[in-house]
């Protein structure tokens with residue numbers, strides 16, 4: 001069995017301790033244990049775990065589902081929901097976050113190991129098949145992973161695509177046609193002339209969101225929706 005770095009988000013201390021003991025038996029590394037959204041976010045941002053074990057009901061105002069959405073807008077690691085009895089609304093909300101698996105409480109040791117192994121196998125396989133896009137800079141065609149795009153800026157009958165490893169590529173296309181090719185769960189239009197990759201957002205203020213150090217304007221009418229996408233309201 002492969003060894004992974006695991007974050008546990010569970011507000012029942014006995015259950016969290018049991019999970020940690022099980023995981024250590026298989027030489028997995030537990031990078032931290034949190035009981036609330038804020039604790040989980042702090043550990044997650046610092047440790048960047050391979051996978052998260054996530055109770056739906058945790059301490060505080062925000063739920064495990066809220067934290068699942070936070071994961072999706074950042075490094076998008078797989079997460080496994082720990083579940084007890086749930087109402088229909090909770091089940092539907094959980095399904096919409098596309099978890100890598102579910103583990104009913106009390107968690108059985110062998111089910112824990114097999115669910116983690118399957119979740120990580122699927123995640124690693126999907127990363128190898130990451131979506132790409134072909135751009136043409138006027139001289140050559142360049143195939144890039146979508147994750148390398150920082151943001152897109154409209155430029156008359158062109159769009160300027162800013163990338164992690166290159167300054168930018170100018171592509172002949174309308175802004176609307178180009179951005180409609182991008183997955184909505186990862187890209188967000190902040191302004192009539194800008195679309196950003198949510199994974200590369202570092203911080204924001206009242207007027208701008210910052211992507212790789214660049215200030216990208218936020219339209220007043222789209223600010224609340226953006227903050228919701230970033231899971232900060």
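For the chain, what relative contact order do you get, as a whole percent, if you take Cα pairs closer than 8 Å and at least 6 residues apart?
Values: 372 pairs, mean separation 28.3, N = 233.
Relative contact order comes out at 12 percent.
Mind sorting 165, 185 by how few other Cβ atoms lie within 10 Å of their own Cβ, fewest first?
On the way: 165 6, 185 12.
Listing 165, 185 from fewest to most nearby Cβ atoms yields 165, 185.
Would you mind computing, in nm to one decimal, how far apart the modelled labels at residue 181 and residue 88 are, each placed 7 Å from Cα along Cα→Cβ?
Once both label points are built, they end up 4.2 nm from each other.
Gaussian network model of the chain, Cα springs within a sub-10 Å range: biggest mean-square fluctuation belongs to which of 132, 73, 115?
Of 132, 73, 115, the most mobile in the Gaussian network model is 132.
Any idea what diffusion coefficient segment 5-128 gets from Stokes-Einstein, in µm²/s, Kirkwood Rh on alpha carbon pairs, 20 °C, 1.002 mPa s?
Values: Rh = 14.3 Å.
Answer from the Stokes-Einstein relation: 150 µm²/s.
Extension gain residue 205-residue 36, at 0.36 nm per residue separation less the Cα-Cα distance, in nm? Intermediate values should be presented prior to the final figure.
Numbers: separation 169, 0.36 × 169 = 60.84 nm, distance 2.51 nm.
Between residue 205 and residue 36, full extension yields 58.3 nm more.
Which FRET efficiency, nearest 0.05, do residue 228 and residue 118 yield, Cβ-Cβ r, R0 22 Å? Don't skip to the end; give the middle numbers.
Working: r = 31 Å, r/R0 = 1.42.
According to the calculation, E is roughly 0.10.
Cβ neighbours within 10 Å, averaged per peptide: list 45-58, 203-216 in order, most packed at the top.
Details: 45-58: 20.2, 203-216: 14.7.
Answer by packing, highest mean first, reads 45-58, 203-216.
Using a 7 Å offset from the Cα along the Cα-to-Cβ direction at both residue 25 and residue 220, what is the distance between the two label points in nm, to one decimal?
Once both label points are built, they end up 6.0 nm from each other.
Would you kindly work out the equivalent ellipsoid of segment 101-233 from its C-alpha gyration tensor and give its semi-axes, the square roots of five times the eigenvalues, largest first in whole Å? If you can, show how the numbers build up before the last one.
Numbers: eigenvalues 222, 91, 26 Å².
They are 33, 21, 11 Å, listed largest first.
Rule-based calculations on the coordinates, nothing more; no lab input. Bear in mind the structure is a predicted one, so any value in this text is a computation, not a measurement. Using ideal geometry, Cβ is built from the backbone for each residue, glycine included, and neighbour counts are taken over all protein chains shown.
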